[in-house]
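Data block below; observations after.
The values are calculated or read from the model by the stated rules, or taken from the named source; none is laboratory data. From a predicted model like this one, the values you see are computed outputs, not experimental measurements. No Cβ is skipped: glycine too gets one built from the backbone with ideal geometry, and neighbour counts run over all protein chains shown.
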Amino acid sequence: MASQSAEQLSANRMRLVKDHAARYGVTAGGIMVLVALLLIFFYLLYVVQPIFESVDLKKVNSFELPEQSNVEAVGMEEQAEIGYRFLSDGELQFFSLIDKDERKAGDILLTETIKTGAEITSFGSSLPVNSQYVYGFSDGSAVVVQPKFLVSFPETAATAKTDRVERVITPRVEYKNQGEPLTVDEQQRPLQRLAYETDGDGMLFAAVVEQNKLLVTHYVAEENFMTGEVSLTPKYTEIPLNSAIDDIVVTPDLRQVLARRGNRVHVFDVSINGEVSERELMPARSRELGNATGMYLLAGASSILLTHDTGKVSQWFEVPGDEGRQYQYIRSFEAGSPVTNIEVEYYRRTFYTLSENGDMNIFHTTAEADLYRGKPSEATIEAVMVDPRANYLLMKTDQGYGIYDVDNEHPEVSWSAIWQEVWYEGYPEPDYTWQSTGGSDDFESKFSLVPISFGTIKAAAYAMLFAVPIGLAAAVYTAYFMSPSVRKFVKPTVEIMEALPTVILGFLAGLWLAPLAEAYLPGFISVIILVPLAVIVTAALWSTLPTRIRNKVSDGRASLLLIPVVLFMGWLSFELSPWVEQILFDGDARRYLTNELGVTFDQRNSLVVGIAMGFAVIPTIFSIAEDAVFSVPKHLSNGSLALGATPWQTLTKVVLLTASPGIFSAVMMGLGRAVGETMIVLMATGNTPIMDWNIFEGMRTLSANIAVEMPESEVGSSHYRILFLAAFVLFIFTFFFNTIAEFVRQRLRDKYSSM
């Protein structure tokens, strides 16, 4: 007896140890899950946070250069080691920006004098991306100059000892037309103002002669197919205007010349063969913005920036309309005081303004962001220039020159650019758009998360519309009505569907289901309508049969009789699909939807996604809901039946209410699965980031967008960090749904736990 008590005591102690171990293990596992979620949360914030940092300028170096004449323009190469400046007397100077080897910052490295027999009367430059400059002369000619830099890595005795190869940058000068002056005005009149652009071979000059005459000279490059020699053929066009011309600009595609006269801007189109025609006269909206004082081209040459005497800078670009593409006012930026000069970046839509009050401002047009405002130097700023990589700023002041390190990695990102409508260049109106990459370096990135967030909700909504009725109805029938012998086969069969890889479902949906839905669209619609009707009609007919016949099939097995009905109606729907399509839709349902109803139809659409993703979500909803219904204590349902309630009344008034917390959890778990699904929406949709509830159009979801674009994004770029922001938004989505689900589940459990 004593030995038995000792054994029981030992067993109880062991059970107690196991109980404590299990409790601590579960607690530790829960804490580790929470810690993992917090680590994911804060890591996403860590990656995303830099895109919202403000611009920072740090002075790197300063130096002085001898002032011989007025400085027309300054610039530097992309490594920010060598700078250059053009002087009004025709001299081009290259100088060192850093202390390196034996040279000091400010040392003159190379001087080139542009010599002609005429007097210099004007100076112009192309957009920074082309880095070409032009001097105009009193005899109507012009010389185009381009600073060049040769990068080499010579091996010397010193580098051989240190295993370190030094980079050597050598400046040089390149002339267009082998340095021979180009005739801009064949009447040899002085060029009072001059604008210039090139597309690589051809050139376009726009000059002001005799105060109010605009001269457009288009040099067309023609290659001799026999010798390969390229010759330049000029086309001259003179346009008299009513008053003095204040500014002229030329677009890099050589298709437009814009001339500003006070508050009016003339827009001239230039054809391929050099014909010039005035297209429109653009008013500068002086009443609203103030009198125009300057005109500049933004990177990409799609937008015009006008400065106004009120301190505002307005942006204009072409917008398609009923009368074709015309320039339209888009937005304005407040510089604080009248702007004296604007410098634009090489590729991004960022521009720098110098104001009369000494402030320098940095703006980004797409993000509508005021990135920087202040006085980086106590001296008066006369000119600024950004290097091609937008990492350094060369500033000329009345006290010398300075180099500043610019920390402005993500100017195109702002809350308004991500979550609000933005008017992008060339678009007819503001819109939500996701288009992260383009075919050129000056592409205007579009980082709106609204369409892909909408696509996530749309995909989940159509999937739940398909999965919830089927999953819940199947769960309730299986748990409450189905016989145990059938249930033990049905439940594992449905649950094993969850093990099917979603990549297989996406593959089948994209390559098999989508073409099938397009070819048999009336059949798919017929299945949705006829199958439920056939089930109801079959049930009604079954209820009219004699009781002795119905009793031969127990209620739990009666559902098996519907299998051939469902299969037959599905087969019949697809067999009748061509006939229905011929009778009702003139043989082409897709064309009828598009032409007659105006409904866009894509082969990989929301209908396909809803079916495929619903098929993947059904096992989750079914399994949890079935367990919840089956776990309702039998004494509750038996008591209800004993009190005279019918089985259906017992189900709706007792069983479903008691199981409602579990049923709600099943739906929310299915929703969470649908929101985070990747492979199905990646393969079964066109991945088009559009905002439309049309069931015959596709979408792009947050998860699919990350999967598609993360491999091609540059680490640390704005694109890369915004994809992490999309992941953060997806994290918040799932966290929100799960939190709401848990809150509602607890309320339902508290409400019905007393039953």
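List every residue pair whose Cβ atoms lie under 9 Å apart, where the two residues are 6 or more positions apart in sequence or sit on different chains, the first residue falls within region 410-424 and is surrounded by fewer than 19 Cβ atoms within 10 Å (Cβ to Cβ), and the second residue, located anywhere, is modelled with pLDDT under 90 and assigned to a helix (DSSP H, G or I).
W415/F52
Which one is nearest to E318 (Cα to Cα), of the residues in region 420-471 that are over 15 Å from the mean Cα position of the chain (by Cα) and among the small types (G, A, S)?
Taking the candidates together, the pick is G426.
Taking region 421-435 as the search range and keeping residues that are part of a loop (DSSP other than H, G, I, E, B) and not aromatic (F, W, Y), which one is modelled with the lowest pLDDT?
Taking region 421-435 first, the residues part of a loop (DSSP other than H, G, I, E, B) are 421, 423-430, 432-433.
Filter again for not aromatic (F, W, Y), leaving 421, 425-426, 428-430, 433.
Values: E421: 91, E425: 89, G426: 85, P428: 89, E429: 90, P430: 91, T433: 90.
Only one residue fits best here, namely G426.
Residues in region 579-615 that are part of a loop (DSSP other than H, G, I, E, B) and touching a residue at least 12 places away in the same chain (Cβ under 8 Å): how many? Write out each step before concluding.
First, pick out the residues of region 579-615 that are part of a loop (DSSP other than H, G, I, E, B): 586-588, 596-605.
Still in the list and also touching a residue at least 12 places away in the same chain (Cβ under 8 Å): 599-605.
Summing the residues that are part of a loop (DSSP other than H, G, I, E, B) and touching a residue at least 12 places away in the same chain (Cβ under 8 Å) in region 579-615 gives 7.
Read through the list (1) crowded, with 19+ Cβ neighbours inside 10 Å; (2) outside the structural domain of N130 (by TED's automatic domain parsing); (3) under 31 Å from the mean Cα position of the chain (by Cα), then give the number of the only condition that A292 fails.
Of the numbered conditions (1) crowded, with 19+ Cβ neighbours inside 10 Å; (2) outside the structural domain of N130 (by TED's automatic domain parsing); (3) under 31 Å from the mean Cα position of the chain (by Cα), the odd one out for A292 is (3).
Are there strands (runs of 3 or more DSSP E) fully within region 122-210 with at least 1 residues that are modelled with pLDDT of 90 or more and within 37 Å of the chain's Cα centre (by Cα)? List them. Full working, then the answer.
Working: elements: 133-137, 141-152, 168-175, 193-198, 203-209.
Qualifying strands (runs of 3 or more DSSP E): 133-137, 141-152, 193-198, 203-209.
Tell me yes or no: at least one residue of region 322-331 is of a type in the set (A, V, I, L, M) and not in a strand (DSSP E or B).
As a first pass, look at region 322-331 and keep what is of a type in the set (A, V, I, L, M): 330.
Checking which are not in a strand (DSSP E or B) leaves us with none.
No, there is no match, as no residue in region 322-331 is of a type in the set (A, V, I, L, M) and not in a strand (DSSP E or B).
Going by what's in this entry, would R279 be described as within 26 Å of the chain's Cα centre (by Cα) and closer than 27 Å to N130 by Cβ? Full working, then the answer.
On the way: within 26 Å of the chain's Cα centre (by Cα): no; closer than 27 Å to N130 by Cβ: yes.
The answer is no for R279.
Yes or no, residue by residue, for (1) touching an Asp or Glu at 6+ places or on another chain (Cβ under 6 Å); (2) farther than 12 Å from V344 by Cβ; (3) of a type outside the set (D, E):
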residue: M282; (1), (2), (3): no, yes, yes
residue: E288; (1), (2), (3): no, yes, no
residue: N291; (1), (2), (3): yes, yes, yes
residue: Y296; (1), (2), (3): no, no, yes
residue: G300; (1), (2), (3): yes, no, yes
residue: T310; (1), (2), (3): no, yes, yes
residue: V313; (1), (2), (3): no, no, yes
residue: E318; (1), (2), (3): no, yes, no
residue: G324; (1), (2), (3): no, yes, yes
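Only one of (1) over 24 Å from G610 (Cβ atoms); (2) without any contact (Cβ under 8 Å) to a residue 40 or more places away in the chain; (3) not in a loop (DSSP other than H, G, I, E, B) fails for L560. Which number is that?
All conditions pass for L560, except number (2).
For T456, state whether it is buried (at least 18 other Cβ atoms within 10 Å of the Cβ), modelled with pLDDT under 90 and assigned by TED's automatic domain parsing to the domain that holds L607.
Considered against the rule, which asks whether it is buried (at least 18 other Cβ atoms within 10 Å of the Cβ), modelled with pLDDT under 90 and assigned by TED's automatic domain parsing to the domain that holds L607, T456 comes out as no.
Which one of the conditions (1) in contact (Cβ under 8 Å) with a residue 12 or more places away in the chain; (2) closer than 16 Å to F481 by Cβ; (3) out of contact with any Ser or Thr (no Cβ under 9 Å at 6 or more places or on another chain) does F664 fail to meet, given that it meets all the rest?
(2)
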